[in-house]
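Participant: Before anything else, here's the structure in question.
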Amino acid sequence: MGRLTLNVVSSWWADEARKYGVAFEQHDDRYARTSEWLDVLDGVWRQDQFFIFREVLPRGKITFLEPKPASKPRPTLYAGGESPAAKELIAEKCDAYLMHGDPPERVGEKIADLREPPRAA
């Protein structure tokens, strides 16, 4: 029970996205779409009915998902990325930072960077 985790990927390669029928938008737009998708996913996991009202996803839709996840408040969400948009999404909406096999000191730097408050652009 509670063994589901989800690795969130905001489209990495244009060709792969097209094969799955997903538009391959500009980098930061992909992270905006992923952020809204996570809002919807979180909504259907937590609520009996969820109204989709955002700009990126179809509007005016009421949806639901049953059964709800056994993990509370939700399954663990993993995501990776090095860009400011990726790190902002991970810090705000995910539970774990997925990284490549960097040396331990570099991993420490990445974690410290993710813990810092966002800097003004």
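Participant: Any aspartates and glutamates with Cα under 16 Å of the K110 Cα? List them, leaving off those in the same chain fewer than 8 positions away.
Facilitator: In chain and number order, the partners are E82, E88, E92, D95, D102.
Participant: In nm, to one decimal, how far is the Q49 label point from the D102 one, both placed 7 Å along Cα→Cβ?
Facilitator: It is 4.6 nm.
Quick note: the coordinates plus some simple rules give every number you see, no bench work behind them. Here the structure is a predicted model, which is why all the values come from computation and not from measurement. Positions of Cβ are backbone-derived with ideal geometry, glycine not excepted, and every protein chain shown enters the neighbour counts.
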